[in-house]
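Engineer: First, the structure itself, so that you have it in front of you.
The values are calculated or read from the model by the stated rules, or taken from the named source; none is laboratory data. All figures in this text were calculated on a predicted structure; none of them were measured in a lab. Counting neighbours? That spans all protein chains shown, and the Cβs are built from the backbone with ideal geometry, glycine included. The protein model used for the area step is the full one, side chains on, heavy atoms only, and it has no ligands, DNA or RNA in it. Shrake-Rupley method; radii C 1.70, N 1.55, O 1.52, S 1.80 Å.
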Amino acid sequence: MRREIPPLRLLTTFEAVLRTGGVQNAAAELNVTQPAVSQALRNLEDHVGTKLLDRRVRPAALTEAGRILLQGVSSGFDQIGRAVDHIKAMESADQNIVTVACTICTGTYWLMPRLAEFYNQHPEITVKVSTTNLIPQFASETDLLIRYGSGDWADGESELLFRERLIPVCSLDAMMRLGNGDLAKATLLHVEAEDECWPKWDQYFEAMGLSGSGQGNRTFVSANFPAPFGIECCDG
């Protein structure tokens with residue numbers, strides 16, 4: 001049977017909006033106008049027959065249907081990316097290439113800034129970075145993984161890179177509104193993560209001896225979220 005799959009252009013736009021954090025960023029990445037991105041999102045909602053974004057809040061949040069579709073789209077794009085990487089790996093098997101798989105946040109904020117110094121020390125090695133919104137997994141072309149967690153994985157040997165230090169981060173406007181730092185009055189941002197080790201706000205409150213769970217909490221499927229209030233993981 002023929003699958004009822006929306007046009008790839010609409011799925012690509014949907015994924016780009018959620019991955020980059022908004023219509024404006026997605027339009028810049030896709031080299032199209034912002035109205036074109038907005039229209040593509042509406043066309044995708046028409047195709048699947050339900051709302052994917054709750055536009056009553058700012059920024060717009062995913063509906064339950066949107067979360068289900070994003071998970072499927074991200075997984076599908078990851079599989080396509082791994083397949084392409086596998087093909088490229090076969091073509092360049094005789095080259096000195098190391099492929100590292102990690103999350104988008106780890107690749108953007110931790111790994112990529114360190115590659116320049118690595119190339120200075122090892123100009124003979126080419127590093128390929130494969131990013132995902134999910135937990136990085138080994139594939140035929142993957143040499144190394146960078147994961148967040150306790151390190152007790154069964155699919156390879158692990159080595160601790162660094163421990164984390166958690167601090168609340170927010171926009172300047174949010175800080176001015178709160179004044180005394182009472183997080184019980186803040187709108188908190190939560191990440192839906194596959195890994196149960198991912199820190200939660202209630203764990204932070206307990207560790208710091210604070211009370212309250214925040215108001216108007218919002219949930220994101222990626223740590224690439226905007227303020228007002230989120231938890232930042234820092235090198236420690």
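Engineer: Hey, could you check the stretch 58-91 for residues that are touching a strand residue (DSSP E or B) at 6+ places or on another chain (Cβ under 7 Å) and not small (G, A, S) and say which is surrounded by the fewest Cβ atoms within 10 Å (Cβ to Cβ)?
Structural biologist: Across the stretch 58-91, the extreme among qualifying residues is T63.
Engineer: Can you confirm whether S140 is loosely packed, with under 13 Cβ neighbours inside 10 Å, in contact with a helix residue (DSSP H, G or I) (Cβ under 7 Å, 6 or more places away or on another chain) and either assigned to a helix (DSSP H, G or I) or hydroxyl-bearing (S, T, Y) (or both)?
Structural biologist: Criteria met by S140.
Engineer: With respect to the numbered conditions (1) farther than 22 Å from N133 by Cα; (2) surrounded by 12 or more Cβ atoms within 10 Å (Cβ to Cβ); (3) touching a strand residue (DSSP E or B) at 6+ places or on another chain (Cβ under 8 Å), which one is the sole condition not fulfilled by L41?
Structural biologist: (1)
Let's see how each residue does on (1) closer than 23 Å to R147 by Cα; (2) modelled with pLDDT of 80 or more; (3) among the basic types (K, R):
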site: V169; (1), (2), (3): yes, yes, no
site: L189; (1), (2), (3): yes, yes, no
site: P199; (1), (2), (3): yes, no, no
site: G212; (1), (2), (3): no, no, no
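Engineer: Is it the case that L18 is open to solvent by less than 40 Å² (accessible area, probe 1.4 Å), in contact with a helix residue (DSSP H, G or I) (Cβ under 8 Å, 6 or more places away or on another chain) and in a helix (DSSP H, G or I)?
Structural biologist: Here the answer is no, as L18 does not meet what is asked.
Engineer: Looking only at residues that are surrounded by fewer than 14 Cβ atoms within 10 Å (Cβ to Cβ) and of a type in the set (A, V, I, L, M, F, W, C) in the stretch 108-128, which one is nearest to V98 (Cα to Cα)?
Structural biologist: Out of the qualifying residues, it is I125.
Engineer: Looking for whichever is in contact with a Gly (Cβ under 6 Å, 6 or more places away or on another chain), modelled with pLDDT of 85 or more and not aromatic (F, W, Y) here; the options are S130, S158. Which one fits?
Structural biologist: Being in contact with a Gly (Cβ under 6 Å, 6 or more places away or on another chain), modelled with pLDDT of 85 or more and not aromatic (F, W, Y) holds for just one of S130, S158, which is S158.
Engineer: Only residues in the stretch 148-167 that are among the charged types (D, E, K, R) count as the first member; pair them with residues that are surrounded by 10 or more Cβ atoms within 10 Å (Cβ to Cβ) and in a loop (DSSP other than H, G, I, E, B), Cβ under 7 angstrom, at least 6 apart or cross-chain, and list the lot.
Structural biologist: Hits for this filter: D155/F138.
Engineer: Return only the number of the condition from (1) without any contact (Cβ under 8 Å) to a residue 60 or more places away in the chain; (2) within 21 Å of the chain's Cα centre (by Cα); (3) under 23 Å from P199 (Cβ atoms) that A139 does not satisfy.
Structural biologist: Looking at each condition in turn, A139 falls short on (3).
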